[in-house]
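Bear in mind that the values in this text are calculations on the coordinates, not laboratory data. What you see is a predicted model, and the numbers here were worked out from it, not measured in a lab. Positions of Cβ are generated from backbone atoms using ideal geometry, with glycine treated the same way; all protein chains shown enter the neighbour counts.
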Amino acid sequence: MSETFSELEAALKRALAPVDPPVELEKRLELTLDSIVELAADELENWELAGLRDPRNWPRAALGPTAAVVVGGGAAVGLVLLRTQRRRPKRKAASRGALDFAGRTVKDVAREALRVFDDLAPGR
């Protein structure tokens, strides 16, 4: 009985082992997220307040910037998480415990968030 259980356990471990995505897929995802963030920033940059003078235009005038904030923000968060996850093995190897690892991860997330927003700054 225990032999069958250990065989089953070994089979489950093999079947559920984590698989790293191909490098090409990761790069394509990063480029896609980056372009979405840039498109959202362009949409916000081109938004005009002049259209808000007439209250009948408010729903239509607010839809573009609202969608740009939601979609661009989601893409920016995804981009930060993707880049942070990529460097996880280095952080884990360099850390001296769980607390140090968590601190390094928080610093890495903050650094990547600043990098994403710096890339969007005018005159980049």
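Annotations
- Relative contact order %, the chain, counting alpha carbon pairs below 8 Å whose residues are six or more apart: 24 percent
- Segment 15-60 - Debye-derived log10 I(q)/I(0), Cα point model, q = 0.15, 0.27 Å⁻¹: -0.62, -0.94
- In degrees, nearest ten, helix 2-15 long axis to first principal axis of the chain (Cα): 30 degrees
- Under Karplus coefficients 6.51, -1.76 and 1.60, residue-wise ³J(HN,Hα) of segment 37-47 in Hz, glycine/proline x: 4, 5, 4, 5, 5, 5, 4, 5, 5, 8, 5
- Within segment 33-124, chymotrypsin sites (Phe, Trp or Tyr not before Pro) in DSSP loop having at most 16 other beta-carbon neighbours inside 10 Å: Trp47
- Qualifying trypsin sites (Lys or Arg not before Pro) in segment 5-77, where qualification requires a DSSP coil assignment and no more than 14 other C-beta atoms within 10 Å, comprise Arg53.
- Whether segment 23-119 is rounded, prolate or oblate, judged on the alpha carbon gyration tensor where a/c under 1.5 counts as rounded: prolate
- Phi-derived couplings, Karplus 6.51 cos²θ - 1.76 cosθ + 1.60 at θ = phi - 60°, listed residue by residue for segment 24-34: 4, 5, 4, 5, 5, 5, 5, 5, 5, 4, 4 Hz, with x used for Gly and Pro.
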